[in-house]
1. So which residues in region 260-270 are open to solvent by less than 50 Å² (accessible area, probe 1.4 Å) and assigned to a strand (DSSP E or B), if there are any at all?
2. For residues that are touching a residue at least 60 places away in the same chain (Cβ under 8 Å) and open to solvent by 30 Å² or more (accessible area, probe 1.4 Å), scanning just region 291-302, find the one that is farthest from VAL86 (Cα to Cα).
3. Taking the stated definitions as given, is GLU136 open to solvent by 10 Å² or more (accessible area, probe 1.4 Å), under 30 Å from ARG89 (Cβ atoms), among the acidic types (Asp, Glu) and assigned to a helix (DSSP H, G or I)?
4. So in region 30-65, with the set limited to residues that are open to solvent by less than 50 Å² (accessible area, probe 1.4 Å) and more than 28 Å from the chain's Cα centre (by Cα), which one is farthest from GLN3 (Cα to Cα)?
5. Check whether at least one residue in region 66-87 is open to solvent by less than 40 Å² (accessible area, probe 1.4 Å), small (Gly, Ala, Ser), farther than 30 Å from GLU14 by Cβ and without any contact (Cβ under 8 Å) to a residue 24 or more places away in the chain, and report yes or no.
6. Would you check if there is a residue in region 20-29 being open to solvent by 10 Å² or more (accessible area, probe 1.4 Å), out of contact with any Leu (no Cβ under 6 Å at 6 or more places or on another chain) and part of a loop (DSSP other than H, G, I, E, B)?
7. Would you call ALA152 in contact (Cβ under 8 Å) with a residue 60 or more places away in the chain and open to solvent by 50 Å² or more (accessible area, probe 1.4 Å)?
8. Taking only region 218-259 into account, find how many residues are open to solvent by 30 Å² or more (accessible area, probe 1.4 Å) and more than 28 Å from GLU14 (Cβ to Cβ).
Amino acid sequence: MVQSKTWVLARHFEGFPKNSNFELKLEQLPEPKDGEVLLEALFLSVDPYMRPFSRLRMKEGGVMIGTQVAKVIQSNNSAFPIGCHVVGRCGWRTHTVSDGTGLARLLSDWPQEVPMSLALGAIGMPGLTALYGLEEVLGLQAGDTLLVNAAAGAVGSTVGQIAKIKGCRVVGSTGSDAKVAFLKELGFDEAFNYKTVSSLEEALKTASPDGYHCFFENVGGPFSSVAIPQMKEFGRIALCGGISTYNDTTPQTGPYPHLSMIFKQLKMEGFLVGRWEHKNQEALKRLMAWKREGKLQCREHVTEGFENMPAAFMGMLQGENIGKAIVKV
């Protein structure tokens, strides 16, 4: 029998997460039955969605939700032979017995020089989120001016780069001068630190005096209230996240953007990446091709050690990471 380390949600979050919300436990796993495999985690993801989804999808005492890249170390399932690598929604655990449900093998031609951890980042869910938000929701066109916030994170940094590949002008908002420099390295046309500008409204106007065709929204809260009036007529908004509100104990209130949206006839659409799961294989191959051609840079913020999962998660929520935050087991 194999022993797995797991992080469980000891108590639901109230406000910003604390160490006391998590508990490290040991679990004895049974031998894999017919059709099952035993997985060993190599890399685990920490993502903003875990904060609101934990309340919606989890009970106290359950293993924290999340995705990992894992290696098959025992197999009674011909679809997943020993030694192959998979991406699975196994949660915060070092080992998992799975019947294969929800597992996806890495691309068969995954290049040796590309870290497998990118299957949790730009060549994985965050990259797909960026691609589908731009193509399926915004209908991004060459020549559009795009605004993206949380622009130095896993999704935002990929959004900006794909938009540049597609011939767009890109403006990014982020939370530190180091992150602004990173966005400039990626080819963003304009980038600013929203924490240090004297006026967010003026910063947005200076970056694009004629307004924005598209807005890839990751933050919500006051940023949205200021940004939406800067949209062009018939502008499009992809609502991907609202990280500025995830840790609130009291819901934020107004100002409300309804009049701007009516008078400018704006379109806003919320989305979840799973809507286009049937397109994932083709989309992942495109993302990988851009990576290999040098058009897509993939910065990672790596935390070593499974025991540091809670610290990595809380650090990500505080914006400590540039690019994708992952934990290496």
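The values are calculated or read from the model by the stated rules, or taken from the named source; none is laboratory data. Note that the structure is a prediction, hence the values are computed from the model and not measured. Positions of Cβ are generated from backbone atoms using ideal geometry, with glycine treated the same way; all protein chains shown enter the neighbour counts. Remember, those area values only see protein heavy atoms, side chains included, never the ligands or the DNA or RNA. Shrake-Rupley method; radii C 1.70, N 1.55, O 1.52, S 1.80 Å.
1. GLU269, GLY270
2. Applying the filter and picking the extreme gives LYS295.
3. In short, yes.
4. Within region 30-65, the match that is farthest from GLN3 (Cα to Cα) is GLY35.
5. Yes, there is a match, as at least one residue in region 66-87 is open to solvent by less than 40 Å² (accessible area, probe 1.4 Å), small (Gly, Ala, Ser), farther than 30 Å from GLU14 by Cβ and without any contact (Cβ under 8 Å) to a residue 24 or more places away in the chain.
6. no
7. No.
8. 9
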